[in-house]
Structures are given as C-alpha cells and as structure tokens.
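The values are calculated or read from the model by the stated rules, or taken from the named source; none is laboratory data. Not measured: the values here are computed from a predicted model. Note that we place each Cβ from the backbone using ideal geometry, even for glycine, and neighbour counts take in every protein chain shown. With ligands, DNA and RNA removed, areas are computed over all heavy atoms of the protein, side chains included. Shrake-Rupley method; radii C 1.70, N 1.55, O 1.52, S 1.80 Å.
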Amino acid sequence: MSKVMTMTEAISKFVKSGDLLFISGAQHGEPSAAIHEIVRQKIDHLTVVACLVNTQQLLIGEGLVDKVLTGYMPQDESRSTGLAKSRRIGKRPEIKEYSHFGIAMALLAGQMGIPFMPLKCMIGSDMLKYNDNITSMERPFDGGQIGAVKAITPDIGILHVQRCDAEGTAQKWGTVGVDQEGINASRKIIITTEKIVDADVIRRDPNRTMIPGFRVSAVVEQPWGAHPMHMASCYNGDMFGYMMDLRGEEKYEAYLKDLVYGTANWDEYLKKRAEVKGEEYFKNLEIKNPVKSEPIISGF
C-alpha cells in the first residue's frame with residue numbers, strides 16, 4: 001500500500017489524543033502545515049517535545065497540549081499569545097525545560113533504545129529541582145558524580161524536509177536542530193516534504209538522508225509546508241511577520257478563525273495568505289538559483 005496520502009489522512013490516522021509528539025525544526029523547516037491540521041482536528045492531551053519550534057504555540061493556545069518538553073520556549077505570555085490563551089482557558093501546559101544538549105541526549109537515548117544517557121551538562125543548574133527527568137548518579141567505574149537524562153521516545157514524530165521518495169526516505173539540510181535524534185527516536189513517523197522525488201535522486205546524495213523509508217508511516221507532499229519559517233534552498237521565512245500576526249488576543253483569534261478553522265487544508269491557507277499579503281509575497285520569499293554546496297571535483 002502507498003504511504004503517500006493527504007495531510008488530513010496522515011494526521012487523522014497516526015496522531016492520537018494522549019500521544020507524545022515530536023515536532024521537528026528549530027525556527028527552520030518546522031512542520032507548520034501539519035500543526036495547522038492537528039489544531040483543525042482538535043487532537044488533544046498531547047505531550048510535545050520540541051526545540052525552538054515557534055509554530056507549536058497554536059497547539060498550546062488551543063488547549064491541546066498537557067505538557068511541553070523543550071530546550072527553550074518563550075514563557076513570557078506577552079511574547080507568546082498561545083501561552084496567554086492557554087492560561088485564560090485554564091489549560092496552560094506543564095513545561096519541563098532542558099538544555100538544548102540535554103534534550104538532544106534524551107532523544108538520542110530514545111533512538112538507541114537505552115533508558116537514559118549520562119552527560120555532564122545541567123547537573124550544576126537548578127534544572128534538577130524542576131525537571132524530574134534529569135538527575136545525577138555515581139559514576140560506576142571511577143566514582144564521583146555524573147548527570148543522567150531520561151530517554152524520550154515519542155509515539156509519533158513529524159519531520160518536514162526538502163525532499164523524500166515515495167517510501168519516505170527523507171533528506172533535509174540547513175539548520176536541523178534535534179531533528180536527527182528526535183525523528184529516529186519516534187515509534188511512528190510522518191514525513192511532510194516540499195517535493196516527492198524519485199528514489200534514484202535520494203541514492204545519489206545519501207549523506208543528506210535523515211531517516212530511511214522503512215521506518216516511515218506516511219508521506220505528505222506539501223509545498224511551502226514550513227511557512228512562515230524558512231526552508232533552506234527553498235524559501236526565506238517571515239517569522240517576525242507571523243509573530244506580529246498572532247500578537248494580542250484579537251489578532252490571534254482572527255488568525256485561527258480565518259487561516260486554521262476557516263481553511264480546509266494548507267493549500268487554502270496559502271491562497272488566503274497570498275490574498276492578504278499580496279501577489280508578490282510568496283514570489284519574493286522564494287530562493288532563486290539555490291546552491292546546496294560546492295560541487296565535488298572529479299578525482300577527489
């Protein structure tokens with residue numbers, strides 16, 4: 001059976017209430033289209049693991065998230081209308097904070113199938129007081145103390161990439177944050193991609209592959225699927241414009257009404273966005289003549 005399906009089908013089939021959800025991206029290549037669809041379907045009681053994922057505030061603001069595991073997110077409600085709304089409706093999530101390296105190691109432990117990862121960071125901080133997934137322990141071979149972070153194994157991971165084949169063998173480049181660790185730690189995987197390409201394209205450049213297709217549950221082709229974040233070699237972002245569009249209760253509610261609940265899918269969202277921003281908006285964001293890297297010289 002084909003893994004290629006619509007976003008509506010993929011989210012409905014593989015994201016369930018109560019899931020531990022990994023969201024890829026670090027202000028780059030976020031699965032924005034998938035997040036809109038989760039909100040549209042009102043899939044709730046999620047635990048979200050993410051680092052610097054700006055678009056997760058829609059999930060939080062709509063009261064769909066019980067807990068956030070993160071390397072960093074703004075907790076000042078004047079900067080996060082999503083958090084402000086979650087408190088207003090009585091569904092502000094519990095936030096468990098790690099260092100960036102700490103959450104990467106927690107996900108790496110999940111990827112490796114081990115219960116925890118030893119590490120040196122965080123044990124000199126107050127994080128141990130507030131996050132019971134971080135502790136210290138005696139070093140087994142030479143004594144003294146070492147930190148330990150509990151493994152994170154997401155039920156479902158969503159990764160947005162520049163390209164993948166129909167089986168889900170996915171390639172991403174640019175800023176990748178904890179994408180490699182998080183998606184490989186996930187039990188089920190949805191790949192959303194700017195373009196589905198022939199498997200031979202993937203095989204010709206294997207070092208960019210982040211996840212092999214046999215691990216992937218669903219593939220969704222969705223151009224501009226990371227907007228308003230940037231996507232390396234595809235388009236620039238409009239993160240600050242997006243933040244201003246959500247700034248304050250009135251703007252936030254208008255965005256949800258018009259661009260999430262008022263659209264059936266991401267293509268309708270893009271059309272409405274272009275109507276508001278102007279015909280040249282997306283054209284001006286496109287990266288012209290992208291160069292991924294210097295060409296390899298024959299003989300080296």
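Assorted remarks:
- Where trypsin sites (Lys or Arg not before Pro) fall in DSSP loop in the stretch 144-187, at most 13 other Cβ within 10 Å: none
- For the stretch 141-151, putting each phi into the Karplus relation 6.51 cos²θ - 1.76 cosθ + 1.60 with θ = phi - 60° gives couplings of 9, 10, x, x, 10, 9, x, 8, 10, 5, 4 Hz, in residue order, rounded to whole numbers and with x for Gly and Pro.
- For residue 49, residues with placed amide H under 5 Å, excluding near neighbours: 21, 22, 23, 69
- The phi torsions of the stretch 262-269, fed into the Karplus equation with coefficients 6.51, -1.76 and 1.60 and a -60° offset, translate into couplings of x, 10, 8, 6, 5, 5, 5, 4 Hz, rounded to whole numbers, with Gly and Pro shown as x.
- In whole angstrom, the stretch 208-248 maps to an equivalent ellipsoid with semi-axes of 28, 13, 9, each derived as √(5λ) from the alpha carbon gyration tensor and ordered largest first.
- Coil-residue GluC sites (Glu not before Pro) of the stretch 114-196, DSSP, other Cβ within 10 Å capped at 12: none
- Surface per residue (accessible, 1.4 Å probe) for the chain, Å²: 47
- Rounded accessible area of residue 36 (nearest 10 Å², 1.4 Å probe): 10
- Fraction of accessible area attributable to carbon and sulfur, the stretch 122-226 (%, probe 1.4 Å): 50
- In Hz, Karplus ³J(HN,Hα) per residue of the stretch 2-7 (6.51, -1.76, 1.60; θ = phi - 60°; x = Gly, Pro): 5, 8, 6, 8, 6, 4
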